[in-house]
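The values are calculated or read from the model by the stated rules, or taken from the named source; none is laboratory data. This is a predicted model, so every value here is computed, not measured. Neighbour counts are summed over all protein chains in view; Cβ atoms, including those assigned to glycine, are modelled from backbone coordinates with ideal geometry. Quick note on the areas: whole protein, heavy atoms, side chains included, nothing else; ligands and nucleic acids left out. Shrake-Rupley method; radii C 1.70, N 1.55, O 1.52, S 1.80 Å.
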Amino acid sequence: MDSKIASVIDELLPILGEGLSLSPIQGGAVNLSFCVKQHEQNYFLKLFDAQSADLLDRPRLFLQQQCLARQNLAPAPIYLSKQSEFQLDQWVDHRSLQQSQLSNVDKCRRLARQLNKIHQSDIILAKLDLHKDWLQYLHKGHVQLSVYQQTELQGLLEQWQQECEQCSVLCHNDLSFSHVPLDEDGVIFDWEYAGHNSPYFDIASCCKVNLLDEADKHILIQEYAKLGLLDPKLVNAKVSNMLPLVNKTYELWQLAFTQI
C-alpha cells in the first residue's frame, strides 16, 4: 500500500504541486478514501479497487459527475488518474444523515426530499443498463445459472423494463444515509451507480441499502408521495414491485465482490 500511495502522490505532484500528504478516512465497502492535504487546502481522493475496475467505466463516470456538480448535486471532480486508478474531488465539509442525531422518522423524511429533488432534476444521464450489470456481476462471480434461474432473471428484467417505459428519471440508485448531507442544500455523494431509471427502483434501493423496516419505509413513501402529489398507495405498490429487482441486483453484486 505504501508504494501505491507513493505512486498516487507522484501523479498528483504536477497537478497540485509540492507538499502533499494523504490521510485515510472511512470510506465505502470496496474502495479506499483519503484526505489529500496540500498546505491549507484539502481534497477528497478515492482509490479504486483494482480488481473491480472492469465493472465501472470511470472516464464516463467522471464526466457524469461533472454534470451533476454543475447542478450542485455532487462534489466537483478535479482529476481522474491516467489509468483510472483513483479520482480527486473537491473537499466538502459536511455531516451526513448517518452521523446525525435525528430520529429515523426525520431521516426518512429527508431521504424522501432528496429522492424527490434528484428525480425532479432535468439532468440527462445514460440509462441504467440492468441487464448488462447483472451479466457483469454473474461473470465476475463465476456464476452459472440454471434454466429456471435464467427464466427468473428474464422475467424480472421484463418487469423492470416495463416500469422504466412508463417513467424514467435521474436516479442515484444507492442513496444511503451516509451519502446524504444533513444540510439539505449540500451535495450528495457517491454517484457511481447513477443513471436514468424507474424512480420506484431508486426508492426500493434506498429502502434496501438503509435496511429500513416497514414503519420507516412507510414514512419514506408517504413523504415522497406528498412531495410529488402522488397516490401513496400507488407509490407503495410500485416500490414493492421493484424490491425483488433490487434484492436480485444486490445479491448478484455481492456474488461478484466476494470474488475480490
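Points worth noting:
- Seen from a random direction on average, the alpha-carbon convex hull of segment 69-152 projects onto 9.7 square nanometres.
- Length-normalised contact order of the chain in % [C-alpha pairs under 8 Å, at least 6 apart]: 19 percent
- Think of a 1.4 Å ball rolled over the protein heavy atoms: the chain then has 52 Å² of accessible area per residue.
- At the listed q of 0.14 Å⁻¹, the Debye profile of segment 52-93, built from one uniform point per Cα, gives log10 I(q)/I(0) equal to -0.31.
- Rounded to the nearest 10 degrees, the inclination of helix 214-228 to the longest alpha-carbon principal axis of the chain is 90 degrees.
- Computed accessible area, E165, all protein chains, 1.4 angstrom probe, square angstrom: 150 Å²
- Working note: 222 nm ellipticity from helices only, DSSP H runs with n ≥ 4, each -39,500 (n - 2.57), summed and divided by the residues of the chain, gives -16000 deg cm²/dmol to the nearest 500.
- Pairs from K127/K208; K46/K140; K46/K238; K4/K208; K132/K248; K107/K140 whose Cα-Cα separation, in the structure shown, is over 25 Å: K46/K238; K4/K208; K107/K140
- In this structure the amide hydrogen of I188, modeled in the peptide plane, comes within under 5 Å of the amide hydrogens of A74, none closer than 5 places in sequence on its chain.
- Carbon and sulfur %, accessible surface of the chain computed with the full protein complex present, 1.4 Å: 50 percent
- Rel. contact order, % - alpha carbon contacts under 8 angstrom, at least six apart, segment 153-244: 30 percent
- Segment 160-186 residues near the modelled I124 label - backbone nitrogen below 20 Å, point 7 Å along Cα→Cβ: 164-172
- Helix 130-140 vs. the chain, principal-axis angle (Cα, 0 to 90°, nearest 10): 60 degrees
- Rg then Dmax, both in Å and based on the Cα atoms of segment 67-208: 17.1, 50.
- Computed over all pairs of different Cα atoms, the Kirkwood value for the hydrodynamic radius of the chain is 19.6 Å.
- Close amide H contacts of H196 (hydrogens built in the peptide plane, cut-off under 5 Å, sequence separation of 5 or more or a different chain): L125, A126, K127, L128, C171.
- Angle in degrees between helix 104-119 and the longest Cα principal axis of the chain, rounded to the nearest 10: 90 degrees
- Percentage of interatomic Cα-Cα distances in segment 1-132 larger than 24 Å: 40 percent
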